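First comes the structure, then the notes that go with it.
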Amino acid sequence: MKVGLQIVLSHKKPVLDFYYEVRNRFAPEEEYELQIGVEKGRTRTHKTRRQDIFIQFFVVNIGCIRAENVEFEVTGSLKRNKPREDLGELIKTEIPQMAPGQLVYLFRFDDSDLYVYPDEGGGSLGIKTDELQIVAKYNAPPSLLNWIVSMYKRLFGKKQYESKFVFRPTMVCGDLPPAEYA
């Protein structure tokens, strides 16, 4: 709703905004037959659901015209745990255009990625204090007025607009959102 309202009321330029969402999903119920004692034939049915807690990140064009040649720059020391340190190919790829209201999924952090663990294994030592900064750089569509306004930045090879987003694990500490059941 906020995205749609912003597009209708916004200025005549592209505006990229970052969003994150904490998800608390439960998979469909699974049944397991567990043997009781040493006798064969005596079993008990155990039912369980797997819980998946994660944070997903999006970028949305909330402006009223399309954003072109969108590039992302990631800085900061916050990384996902091994072996998934890399945030994916989309972060390294230039997006040719994003229409008004278009949402692009960037990446996700699992809940375990937000905690520090000892190298030798074991339980978490606490929440990470690092931060992740994402900068989106982009241009407006070509037009005569836009060409005149952006001429100075284009001479130096820079993008016309820039949006910054900073994420810290402490921003999502606390209670979980309501559960989603599959």
Practice item. Please indicate, with yes or no, whether at least one residue in the stretch 111-129 is touching a helix residue (DSSP H, G or I) at 6+ places or on another chain (Cβ under 9 Å) and among the aliphatic types (A, V, I, L, M). Key: yes
Practice item. Could you please tell me which pairs satisfy a Cβ distance under 8 Å, a separation of 6+ or placement on different chains, a first residue in the stretch 16-31 that is in a strand (DSSP E or B), and a second residue that is exposed (fewer than 15 other Cβ atoms within 10 Å of the Cβ) and among the β-branched types (Val, Ile, Thr)? Key: GLU30/THR48; GLU31/THR45
Practice item. Within the stretch 105-119, track down each residue that is among the aliphatic types (A, V, I, L, M) and either surrounded by fewer than 15 Cβ atoms within 10 Å (Cβ to Cβ) or at positive phi (or both). Key: VAL116
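Just to be sure I understand, how many residues within the stretch 155-180 are surrounded by 10 or more Cβ atoms within 10 Å (Cβ to Cβ) and not in a helix (DSSP H, G or I)? I'd like the intermediate steps shown before the answer.
First, the residues of the stretch 155-180 that are surrounded by 10 or more Cβ atoms within 10 Å (Cβ to Cβ): 158-172, 176-177, 179-180.
Now restrict to residues that are not in a helix (DSSP H, G or I): 158-168, 176-177, 179-180.
Here the count works out to 15.
Read-outs: derived from the displayed coordinates by stated rules, not from any lab. All of these numbers come straight from a predicted model, not from anything done at the bench. Don't worry about glycine lacking a Cβ; one is built from the backbone with ideal geometry, like all the others, and counts go over all protein chains shown.
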